[in-house]
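The values are calculated or read from the model by the stated rules, or taken from the named source; none is laboratory data. Just so it is clear, the model here is predicted, and its values are computed rather than measured. Cβ placement follows ideal geometry from the backbone for every residue including glycine, while neighbour counts extend to all protein chains displayed. Please note that ligands, DNA and RNA were not included when accessible areas were found on the heavy atoms of the full protein model with its side chains. Shrake-Rupley method; radii C 1.70, N 1.55, O 1.52, S 1.80 Å.
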Amino acid sequence: MFSGLKDVTVGRLPGKVAGQQFLIQDCENCNIYIFDHSATVTIDDCTNCVIFLGPVKGSVFFRNCRDCKCALACQQFRVRDCRKLEVFLCCATQPIIESSTNIKFSCFQWYYPELAFQFKDAGLSIFNNTWSSIHDFTPVSGEHNWSLLPEDAVVQDHVPLPTTEELKAVRVSTEASRSIVPVSRGQRQKSSDESCLVVLFAGDYTIANARKLIDEMVAKGFFLVQTKEVSMKAEDAQRVFHEKAPDFLPLLNKGPVIALEFNGDGAVEGCQLIVNETFKGTKIFVSESKETAPGDVDSFYNFADIQMGI
């Protein structure tokens, strides 16, 4: 617990929370960093605070907070009776706001050496991030209670790195290319009518291959829209992969698939080239043409959202 603090920088180092519940309450003008995984986190009555939370297995709940800037990863995210929050978020389910105003969201962007293991300990996938699919329980006609931060928002300008010697030892980086969670555009307007769905099947290097493909595509000017990691059954494969489904059925038993949606003129051809050059011998499904790609993308993500209860 952190309670009743004012004008201080405090935190917990990796290994110090170890999956327990955590409570932050009645803090003002504080910088708070939890560099570990937690069970649940509740943040009550905090004002003008900077808050970083490592992966949270269950829910993060903000209540009666204002003027706070946060970066966090969790299974469930909820805000009630808050105003003026900025949140760099990784959330496995649809984020919820209630009776709140001026809540701004962007994609989680953070790295330190222990973070990947903490995601696993919290049971979270770095590819299941619905950070921009906000549900407002109490919408007001003609008003927008939430919005997305500008795409060029720099996380360190909003959630600065810790300055105390103890917390600086964690070796944090906020560079997009190093972020544990792939930085996606989410619900922002697409720059092109052409989208490309890529599905990587489970194997020893699936996560590494997905990250490599993202790096290559982004380097060529394409945009990562969204990602998913989900288990598929035979009937699901038929709906998503159509006539190619029989080729992939044996691979579905090996584990969840990772799906990536890219956007940009020439995305399908560009992705095919990268796959052919870089991933020889790796089983990957890529939409074959820009005419069929949007249908494939919608089919997969509609299926994935249903499976994940979104």
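Work out how much length A208 to D44 would gain on full extension: take 0.36 nm times their residue separation and subtract the Cα-Cα distance, in nm to one decimal. Intermediate results must be reported in sequence, preceding the final value.
Working: separation 164, 0.36 × 164 = 59.04 nm, distance 3.82 nm.
So the chain would gain 55.2 nm between A208 and D44.
Beyond 22 Å between alpha-carbons counts as too far, so tell me which of K57/K228; K120/K244; K16/K104; K120/K190 fall in that bin. Kindly include the intermediate steps, with their values, before the conclusion.
Numbers: K57/K228 18 Å; K120/K244 32 Å; K16/K104 30 Å; K120/K190 31 Å.
Going by Cα-Cα distance, K120/K244; K16/K104; K120/K190 fall outside the 22 Å limit.
Ignoring ligands, DNA and RNA, what percent of the accessible area of the chain is carbon or sulfur (1.4 Å)? Working shown, then result.
Working: 6450 of 14120 Å².
Summing carbon and sulfur atoms, their accessible area is 46 percent of the total for the chain.
For the chain, divide the Cα radius of gyration by the Kirkwood radius and give the resulting Rg/Rh value with two decimals.
On the way: Rg = 19.8 Å, Rh = 20.2 Å.
Expressed as Rg/Rh, it is 0.98.
Could you go through region 47-62 in sequence order and give the Karplus-derived ³J(HN,Hα) for each residue, using 6.51 cos²θ - 1.76 cosθ + 1.60 with θ = phi - 60°, rounded to whole Hz, and x for Gly and Pro?
Karplus-based 3J(HN,Hα) across region 47-62 equals 10, 6, 10, 9, 9, 10, 10, x, x, 10, 4, x, 9, 10, 10, 9 Hz.
By average Cβ neighbour count within 10 Å, what is the ranking of 63-73, 142-152 from highest down?
Numbers: 63-73: 21.8, 142-152: 12.3.
Sorting 63-73, 142-152 by mean packing, highest first, produces 63-73, 142-152.
Per residue, how large is the accessible surface of region 1-117? Use a 1.4 angstrom probe and give square angstrom. Could you put the intermediate results ahead of the total?
Numbers: 4240 Å² over 117 residues.
Accessible surface, normalised per residue, equals 36 Å².
Cα centroid distance between region 195-253 and region 1-61, in Å?
35
Applying 1/(1 + (r/R0)^6) with R0 = 22 Å to the Cβ-Cβ distance of E28 and V140, what FRET efficiency is obtained, to the nearest 0.05? Please report the intermediate quantities before stating the final value.
Values: r = 28 Å, r/R0 = 1.28.
With a Förster radius of 22 Å, E is 0.20.
Based on alpha-carbon centroids, what's the gap between region 80-103 and region 114-147 in Å, whole number please?
Here the two parts' Cα centres lie 8 Å apart.
So what are the ³J(HN,Hα) numbers for region 120-129, from phi and the Karplus equation (6.51, -1.76, 1.60; θ = phi - 60°), rounded to whole Hz, Gly and Pro as x?
Working through the residues one at a time gives 5, 4, 8, x, 10, 9, 5, 9, 9, 9 Hz.
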